[in-house]
Amino acid sequence: MNLRPSLHQPVEAPKLGSLSGSSLASVWAGLVLISAALWCPACGPAASSPPTPDSPAVDAAAAPPVRQLGARQSAGELHLRVPAGTVVRSGPEPSATATAWLKEGGVFRVVGQVRGAYRIEFPASSGAGDETQEGWVRSAAGSFQEIRMTRTRLGPQMAPEPDPEVLAVAAEHLGSAGHELPCGPYRLLTDVRASEVIDLCARIAAGLDDAYVERFGVRPVGEPRGAIILFRRLEAFRRFAAAPGGHAGHALASRGYLALYLGDRPPRELATTLAHELTHLVNRRALGGPLPRWLSEGLADAIGDPATVDGLAPSVGLKGSETARRRVLERSDLPDLRTLTALGPGEFDADASSRDYEQGAVLVRFLLSDPERRRGFQSFLRGVASGKPADFDTLLRLLGPRLEAAEELEAALRRWLESGDRVRPSGPPVSPGAT
């Protein structure tokens, strides 16, 4: 789903199953431009025939190296006012592949620059919470305005109502079989009729807030709210999400929804994906955002990976994350933890050989696996929720004297992984559907 949070005025959502014939055609005609407004370079095709900005030619071979502008600075960052209709490309050269089209203009953060071109950060069409993606834009004469401004991370936020435009597009892709029913405190929009799947959804969703508090020591603000869009077929999910492959689900907390598919996946896999994506919605209510990617994904895996068809389960060592453990141990060239925790949206999990997701998953599980580490990690999370930095040095200071250096933390993590995760549970057992 490719919708920028600030592009559109709210509209009343059609009820599922109420769109048919000419009314469906009218709604879809109005939404097709919206759903094509931003295309994720990793999740969908390039923008189809977008208007091309009038840009001066640049010799790619002669272009100077990218000048990094401090992608993780907290103040005085360079931003760019970009007009509507600007094409986002995969590289700074005019010939680079078009990967997105900004339907409306806005002010975007700059994370890199070469002569005549800027690498900007803009809202992602899929992925975690309020995550962003990056791409290159080229400036026609006088069309861009540079702005220096402070970037602030938002604190915990009440869950929004699901975006009506998202629900309207979901109704189109679910078709006549689409219906709505409750899934714990959430709204379930689906074309699945199997009662066991509906029951599984309720078991996972009902106790998520309590499980989050027990595991991470932070209580989300407000009441849980949002839409779970569950597609029976993978193809319908991919059309809705503009995702040709590689993702089992996605969540966009600022729009109040998550989407996933059933397909021929075993029930436990559906349970882990649902718990993972729901955790992204809860992250926004508990910690705010945007969060570092390792943390956002690691927390979601720490809830999602242990989940079973019976509901949420306690985080015991690496139970449920055995594949992540194996993939981390088989690589000798992984980035150190300081590098991992500093990766931005365009750097985290940047290619097929990346193990960033797995590293984030095992790091969070490691921090939860020992009472002393768990207390330090929960103190770190409470600090993040109160507006303190979510950086590696802050985490290290809170983990205690035994892990006060990065090298000590990495060595302890490696020993833990190689030991086969013979550790204690990270809290009392979780009653299915209750915690």
Considering every Cα-Cα pair within region 233-307, what fraction, in whole percent, is farther apart than 16 Å?
-> 50 percent
Between GLU104 and SER332, the two model label points (7 Å from Cα along the beta-carbon direction) sit apart by a distance in nm of 5.3 nm
Among 387-395, 183-191, 103-111, 330-338, the order from most to least packed when residues are scored by Cβ within 10 Å on average | 183-191, 103-111, 387-395, 330-338
Based on Cβ point charges of +1 for Lys and Arg and -1 for Asp and Glu, what charge dipole magnitude is obtained for region 349-424 about its Cα centre, in debye rounded to the nearest 20?
-> 520 debye
Distant-in-sequence amide H partners of ILE229 (H built 1.01 Å from N, under 5 Å) | LEU189, LEU258, ALA259, LEU260
For region 336-349, Karplus couplings with θ = phi - 60° (6.51, -1.76, 1.60), whole Hz, Gly/Pro x = 5, 5, 5, 5, 4, 6, 9, 5, x, x, x, 10, 5, 6
Does region 213-345 come out rounded, prolate or oblate, given a ≥ b ≥ c as the square roots of the eigenvalues of its C-alpha gyration tensor, rounded meaning a/c under 1.5 and, failing that, prolate meaning a/b above b/c?
-> rounded
Please calculate the 1.4 Å probe accessible area of ILE228, with all protein chains present, and give it to the nearest 10 Å².
-> 0 Å²
³J(HN,Hα) computed for each position of region 293-298 - Karplus, 6.51 cos²θ - 1.76 cosθ + 1.60, integer Hz, glycine/proline x = 4, 4, 6, 4, 6, x
What ³J(HN,Hα) values, in whole Hz, does the Karplus curve 6.51 cos²θ - 1.76 cosθ + 1.60 give for region 310-320 when θ = phi - 60°, with x put for Gly and Pro?
-> 8, x, 6, 9, x, 7, 10, x, 10, 4, x
Once both labels are modelled 7 Å past Cα along the beta-carbon direction, what's the SER419-GLU196 spacing in nm?
-> 3.8 nm
Percentage relative contact order, region 195-338, counting C-alpha pairs under 8 Å, at least six apart = 24 percent
For the pair ASP393 and ARG115, what calculated FRET efficiency results from E = 1/(1 + (r/R0)^6), where r is the Cβ-Cβ distance and R0 = 51 Å, to the nearest 0.05?
-> 0.90
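Charges at C-beta only: +1 for Lys and Arg, -1 for Asp and Glu. How large is the resulting dipole of region 279-403 about its Cα centre, in Debye rounded to 20?
Its charge dipole is roughly 540 debye.
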Would you please give the residues with an amide H less than 5 Å from that of ALA159, counting only those at least 5 places away or on a separate chain, with H modeled from the backbone geometry?
-> GLU223
Determine the percent antiparallel among the DSSP beta bridges restricted to region 172-241, to the nearest 5.
-> 55 percent
Evaluate the Kirkwood expression for the hydrodynamic radius of region 141-279, namely the inverse of the mean inverse distance over all pairs of different C-alpha atoms, and round to one decimal in Å.
-> 16.4 Å
Rounded to the nearest 20 debye, dipole of region 214-259 from Cβ charges on Lys, Arg, Asp, Glu = 120 debye
Residues whose modelled amide H sits under 5 Å from the amide H of THR308, counting only those 5 or more places away in sequence or on another chain, are ALA313
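The values are calculated or read from the model by the stated rules, or taken from the named source; none is laboratory data. Just so it is clear, the structure is predicted and the values come from calculations on it, not from any experiment. Please note: Cβ atoms are built from the backbone with ideal geometry, for glycine as well, and neighbour counts cover all protein chains shown. Surface areas here come from the heavy atoms of the whole protein model, side chains and all, with no ligands, DNA or RNA. Shrake-Rupley method; radii C 1.70, N 1.55, O 1.52, S 1.80 Å.
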